[in-house]
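Trainee: Take a look at this one; I'll ask things after.
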Amino acid sequence: MNALNTKIVLDSSADTPHLREIPTELVPLKIITSEKEYTDNEQLDVAGMIEDLRAYSGRSSTSCPNPEEFLAAFGDAENIFCITITGSLSGSYNSACAAKKKYEEMYPGRNVFVLNSLSTGPEILLAAEKIEEGIIEGKSFEQVCESVCEYTKSTGLMFMLESLKNLANNGRVNPIVAKVASVLGIRVVGKASAEGTLEQLGKYRGAKKGVAAVLEHMKKEGFAGGRVKIAHCNNESAAITLCELIKNEYSSAFVETDTCRGLCSFYAEEGGMLVGFEK
Ligand code: X90
């Protein structure tokens with residue numbers, strides 16, 4: 001496969017990719033309040049959005065890209081690898097599949113692979129890096145598809161949330177679980193389930209216990225010192241603490257931290273942290 005006419009397309013739930021070799025495009029989701037619409041693209045002032053939302057108590061929701069927006073991002077590439085947020089919680093995957101169908105009809109001979117991440121944020125970025133690695137190694141289109149599918153079986157997503165209000169208000173999580181998290185100081189720790197939904201694993205009082213529990217649950221899932229990507233929403237201290245806990249135990253672990261973009265900030269909310277890891 002020729003790397004020159006290959007493109008990686010992610011929806012903005014992936015947060016910020018740092019792929020150096022292969023052209024990558026983010027397709028924005030939107031965050032909508034009765035006062036404003038936020039498009040989760042490079043221009044979005046995420047901190048400003050979080051501040052607005054802190055002061056806002058009305059209804060808010062999100063919307064996924066439509067097929068045309070994915071088509072536009074596919075551009076003129078011959079080989080396209082596209083990853084979306086879990087299809088169990090968003091229509092983004094369906095939109096990307098519709099765009100694939102249209103693109104392959106319009107340009108016979110071109111290839112579009114759409115991966116339903118069953119996850120979001122940092123676990124998508126791990127998969128995207130795997131794709132880039134395969135392309136650079138000179139793998140064929142099919143080989144890259146196969147290797148990323150195999151790889152995602154050995155990655156996971158853990159989360160720690162201080163509030164599940166926006167998830168519950170938008171029907172993305174059981175309201176009973178959300179209620180627990182509304183108690184001040186309680187952190188809900190959970191994982192992306194095999195079905196691509198939120199699965200609660202425990203609730204913890206205080207940041208210290210919450211972060212320690214994240215690592216314990218990662219280990220239970222099979223983490224043994226592999227790659228880790230942390231995305232946080234206004235909670236750098238949790239990200240740093242987790243990073244240190246991991247490094248103390250696994251000196252060779254490769255851990256990266258970054259901030260959430262708009263979509264994950266809206267749902268993970270302030271204090272939230274998402275952790276993509278290799279099992
Ligand atoms: O289509 C849309 O409007 C987007 C809906 C997205 C809903 C879920 C977003 C979750 C973001 C929260 C914690 C991690 C959850 C992992 C679940 C697989 C982050």
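The values are calculated or read from the model by the stated rules, or taken from the named source; none is laboratory data. This structure is a prediction, so every number in the text was calculated from the model and none was measured. Please note: Cβ atoms are built from the backbone with ideal geometry, for glycine as well, and neighbour counts cover all protein chains shown. All accessible areas refer to the heavy atoms of the entire protein, side chains included, with ligands and DNA or RNA removed. Shrake-Rupley method; radii C 1.70, N 1.55, O 1.52, S 1.80 Å.
Trainee: Quick one: GLN43 ticks every box in (1) part of a loop (DSSP other than H, G, I, E, B); (2) within 20 Å of GLY262 (Cβ to Cβ); (3) more than 16 Å from the chain's Cα centre (by Cα); (4) in contact (Cβ under 8 Å) with a residue 12 or more places away in the chain except a single one, so which number is it?
Mentor: With (1) part of a loop (DSSP other than H, G, I, E, B); (2) within 20 Å of GLY262 (Cβ to Cβ); (3) more than 16 Å from the chain's Cα centre (by Cα); (4) in contact (Cβ under 8 Å) with a residue 12 or more places away in the chain applied to GLN43, the lone miss is (4).
Trainee: Only one residue in GLU137, GLU133, GLU146, GLU123 is within 16 Å of the chain's Cα centre (by Cα) and more than 15 Å from LEU71 (Cβ to Cβ). Which one? Spell out the reasoning first.
Mentor: Working: GLU137 fails: within 16 Å of the chain's Cα centre (by Cα); GLU133 fails: within 16 Å of the chain's Cα centre (by Cα); GLU146 fails: within 16 Å of the chain's Cα centre (by Cα).
Step by step, each of GLU137, GLU133, GLU146, GLU123 is checked, and only GLU123 is within 16 Å of the chain's Cα centre (by Cα) and more than 15 Å from LEU71 (Cβ to Cβ).
Trainee: Limited to segment 118-146, what total is found for residues that are on the phi < 0 side of the Ramachandran plot, assigned to a helix (DSSP H, G or I) and within 16 Å of the ligand (Cβ to nearest atom)? Lay out the reasoning, then the answer.
Mentor: Start the filter on segment 118-146 by keeping residues that are on the phi < 0 side of the Ramachandran plot, which leaves 119-120, 122-137, 139-146.
Imposing the further condition that a residue be assigned to a helix (DSSP H, G or I) reduces the set to 122-136, 141-146.
When the remaining residues are screened for being within 16 Å of the ligand (Cβ to nearest atom), the result is 122-127.
Number of matching residues: 6.
Trainee: Now for a different question. Listed residues LYS30, LYS102; which is away from the ligand (no atom under 14 Å from the Cβ) and modelled with pLDDT of 95 or more? Walk me through it before giving the result.
Mentor: Numbers: LYS30 fails: away from the ligand (no atom under 14 Å from the Cβ).
That would be LYS102, the only listed residue that is away from the ligand (no atom under 14 Å from the Cβ) and modelled with pLDDT of 95 or more.
Trainee: For the structure I just gave you, tell me whether ALA55 is small (Gly, Ala, Ser) and over 15 Å from SER12 (Cα atoms).
Mentor: On the way: small (Gly, Ala, Ser): yes; over 15 Å from SER12 (Cα atoms): yes.
For ALA55, the condition - small (Gly, Ala, Ser) and over 15 Å from SER12 (Cα atoms) - is met.
Trainee: Something else about it: Being within 15 Å of the ligand (Cβ to nearest atom), within 20 Å of ASN234 (Cα to Cα) and open to solvent by 50 Å² or more (accessible area, probe 1.4 Å) is the filter here; which residues of segment 155-202 pass it?
Mentor: Within segment 155-202, GLU162, LYS165 meet the criteria.
Trainee: Could you tell me which numbered condition GLY48 fails, if it satisfies all but one of (1) open to solvent by less than 40 Å² (accessible area, probe 1.4 Å); (2) over 21 Å from LEU19 (Cα atoms); (3) touching a residue at least 40 places away in the same chain (Cβ under 8 Å)?
Mentor: The single condition GLY48 does not satisfy is (3).
Trainee: Select from segment 226-256 the residues that are farther than 18 Å from ALA213 by Cα and open to solvent by 70 Å² or more (accessible area, probe 1.4 Å) and list them in ascending order.
Mentor: Correct list: ASN234, SER251, SER252, PHE254.
Trainee: If THR241 passes every condition in (1) under 18 Å from SER117 (Cα atoms); (2) away from the ligand (no atom under 16 Å from the Cβ) but one, which one does it miss?
Mentor: Unmet for THR241, out of (1) under 18 Å from SER117 (Cα atoms); (2) away from the ligand (no atom under 16 Å from the Cβ): (1).
Trainee: In the set ASN94, ASN79, ASN66, which member is at pLDDT 95 or above and open to solvent by less than 20 Å² (accessible area, probe 1.4 Å)? Spell out the reasoning first.
Mentor: Numbers: ASN94 fails: open to solvent by less than 20 Å² (accessible area, probe 1.4 Å); ASN66 fails: open to solvent by less than 20 Å² (accessible area, probe 1.4 Å).
Result: ASN79 is the single residue among ASN94, ASN79, ASN66 that is at pLDDT 95 or above and open to solvent by less than 20 Å² (accessible area, probe 1.4 Å).
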